[in-house]
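Participant: My questions all concern the structure below.
The values are calculated or read from the model by the stated rules, or taken from the named source; none is laboratory data. Only a predicted model underlies this, so the values are computations on that prediction, with no experimental measurement involved. Ideal geometry is used to build each Cβ from the backbone, glycine not excepted, and the neighbour counts take in all protein chains shown. Only protein heavy atoms, including side chains, enter the accessible area calculation; ligands, DNA and RNA are left aside. Shrake-Rupley method; radii C 1.70, N 1.55, O 1.52, S 1.80 Å.
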Amino acid sequence: MRTKLDPDDEFFIPDVSDWDWSKAIIGRRARKPGEKTEVFIEGAVAYQLRLIPSNKILARFDSTLGAWPVIIATIEGGRSPRTLAMDAILADGRVALVSAGPRLEMFARYNNGEPNPYGDLWTLAPRQVAEGAA
């Protein structure tokens, strides 16, 4: 067993025991449970919630922080998530789709600090293995 590796070896592990780790830069902090998150779309001045396929505007928002509770309340009020879409209104007047359907509900719940309603579905589904495959 080799204990010392050649520095030219691709698996060389340098000795870092004498480094000063107090000046290390910590990466992005983790979200706390229940913490709300705002989503920014570059060039967006407002956001709107609309119905699919009629394109009727249900609400307009200055930021996504105001949109998340309205989306969740609309879904919990009986509206199917498949009939909702959220758009960003850009500075030049164009409209860009942000998200729609169940994915929009997932974004709204997650960014509002709630658990993902579809997060554990894949673990609940029984796995099927093809016969003869081993």
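Participant: Name the residues in region 47-64 that are surrounded by fewer than 13 Cβ atoms within 10 Å (Cβ to Cβ) and in a loop (DSSP other than H, G, I, E, B), would you?
Facilitator: Listed by number, the residues that qualify are Pro53, Ser54, Asn55, Lys56, Asp62.
Participant: As an exercise: evaluate Ser17 against (1) within 22 Å of Ala108 (Cβ to Cβ); (2) open to solvent by 80 Å² or more (accessible area, probe 1.4 Å); (3) part of a loop (DSSP other than H, G, I, E, B); (4) modelled with pLDDT of 80 or more and give the number of the one condition it does not meet.
Facilitator: All conditions are met except number (1).
Participant: Could I ask something else about it? From the list Ala85, Ala44, Ala67, pick out the single residue that is touching a residue at least 40 places away in the same chain (Cβ under 8 Å), within 11 Å of Leu104 (Cβ to Cβ), open to solvent by less than 50 Å² (accessible area, probe 1.4 Å) and not acidic (Asp, Glu).
Facilitator: From the options Ala85, Ala44, Ala67, the qualifying one is Ala67.
Participant: Then there's this: Give me the pairs, please: first residue somewhere in region 96-116 and more than 13 Å from Val70 (Cβ to Cβ), second residue anywhere and in a loop (DSSP other than H, G, I, E, B) and among the aromatic types (Phe, Trp, Tyr), beta-carbon distance under 7 Å, and either six or more positions apart or on two chains.
Facilitator: Pro102/Tyr118; Met106/Tyr118
Participant: Could you check region 30-46 and list, in sequence order, the residues that are hydrophobic (A, V, I, L, M, F, W, C) and either within 30 Å of Arg94 (Cα to Cα) or not in a loop (DSSP other than H, G, I, E, B) (or both)?
Facilitator: Correct list: Val39, Phe40, Ile41, Ala44, Val45, Ala46.
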